[in-house]
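The values are calculated or read from the model by the stated rules, or taken from the named source; none is laboratory data. Model, not experiment: these values are computed from the prediction. FYI the Cβ positions are ideal-geometry reconstructions off the backbone, even for glycines, and counts take in every protein chain you see.
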Amino acid sequence: MSRTMTAQPKQDPLAQRDTITFAELGDGVVVIRIVGRGSFANSVEFKQLTDRLADAAGSKPYRFIVDMEQVTTLDSTFMGALAGAGLRHKRDTGEQMTLCNVNEQCCRLLETVGIKHFVQVRACPTEAAPAQTVEFREADRAEISRADQIIHMIEAHENLVTIDNENQARFESVLKYLRESLERENQKKG
């Protein structure tokens, strides 16, 4: 009995998981592309990337354009990380961070938690589509302890509470749970 094997098309390894990639276009403009879910699992990666890029800019102006064309969903931790990056961007540059290619569901989520009020949300990119081909690099994977992950999640939700008082009621139980989790995690160490 003979078996015929057919060649399977090679799949892009980045297409198989949620990823964050970025491309520096020059003049301080960076396009950050989120693929798949924006969740607690990759929110630290997003925060570390935006912090590193903003720190590297120093006193030079920079501009983040976040391409969300391939985003399937956002959780509150990732939206808190987006809020933190947007607030820092506004503080550092005096300009709003831009989110482009935002689908209808994500747009509603961003509006509900108040992010849409201090970042530009666009259906189509304006500056993010350069004429030349741009190479995107994958952001470094975040390797942090469980306690640091919980601290990040608390900070992300506190960002959401900071930007809209109505988020206090929305995330009060989440913050309580996270603080209790952090306390339990710290007790394990001690």
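Does segment 163-179 contain any residue that is touching a Leu at 6+ places or on another chain (Cβ under 8 Å), over 24 Å from Asp27 (Cβ atoms) and among the β-branched types (Val, Ile, Thr)?
Step one: of segment 163-179, the residues touching a Leu at 6+ places or on another chain (Cβ under 8 Å) are 163, 167, 170-171.
Checking which are over 24 Å from Asp27 (Cβ atoms) leaves us with 163, 167, 170-171.
Imposing the further condition that a residue be among the β-branched types (Val, Ile, Thr) reduces the set to 163.
Within segment 163-179, one or more residues are touching a Leu at 6+ places or on another chain (Cβ under 8 Å), over 24 Å from Asp27 (Cβ atoms) and among the β-branched types (Val, Ile, Thr).
Condition check: under 24 Å from Gln168 (Cβ atoms), of a type in the set (Ser, Thr, Tyr) and modelled with pLDDT under 95. Does Thr6 satisfy that? Talk me through it step by step, then tell me what you get.
On the way: under 24 Å from Gln168 (Cβ atoms): no; of a type in the set (Ser, Thr, Tyr): yes; modelled with pLDDT under 95: yes.
Considered against the rule, which asks whether it is under 24 Å from Gln168 (Cβ atoms), of a type in the set (Ser, Thr, Tyr) and modelled with pLDDT under 95, Thr6 comes out as no.
Rundown of residues vs (1) within 10 Å of the chain's Cα centre (by Cα); (2) in a helix (DSSP H, G or I); (3) farther than 16 Å from Cys107 by Cβ, yes/no style:
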{"residue": "Arg33", "(1), (2), (3)": "yes, no, yes"}
{"residue": "Ala54", "(1), (2), (3)": "no, yes, yes"}
{"residue": "Pro61", "(1), (2), (3)": "no, no, yes"}
{"residue": "Val66", "(1), (2), (3)": "yes, no, no"}
{"residue": "Lys90", "(1), (2), (3)": "no, yes, yes"}
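Of Leu99, Leu109, which residue is at pLDDT 90 or above, under 17 Å from the mean Cα position of the chain (by Cα), farther than 21 Å from Ala54 by Cα and buried (at least 16 other Cβ atoms within 10 Å of the Cβ)? Steps first, please.
Values: Leu99 fails: farther than 21 Å from Ala54 by Cα.
Unique residue meeting the criteria: Leu109.
Restricting to segment 138-176, name every residue that is exposed (fewer than 14 other Cβ atoms within 10 Å of the Cβ), without any contact (Cβ under 8 Å) to a residue 40 or more places away in the chain and among the aliphatic types (A, V, I, L, M).
Answer for segment 138-176, where residues must be exposed (fewer than 14 other Cβ atoms within 10 Å of the Cβ), without any contact (Cβ under 8 Å) to a residue 40 or more places away in the chain and among the aliphatic types (A, V, I, L, M): just Ala169.
With the requirement that a residue be surrounded by fewer than 18 Cβ atoms within 10 Å (Cβ to Cβ), under 20 Å from Gln96 (Cα atoms) and basic (Lys, Arg), what does segment 35-67 give you?
Arg52, Lys60
Could you grab the pairs with beta carbons closer than 7 Å, sequence gap of 6+ or different chains, first residue in segment 71-90 and in contact (Cβ under 8 Å) with a residue 24 or more places away in the chain and on the phi > 0 side of the Ramachandran plot, second one surrounded by fewer than 24 Cβ atoms within 10 Å (Cβ to Cβ) and of a type in the set (A, V, I, L, M, F, W, C)?
Cβ pairs passing all conditions: none.
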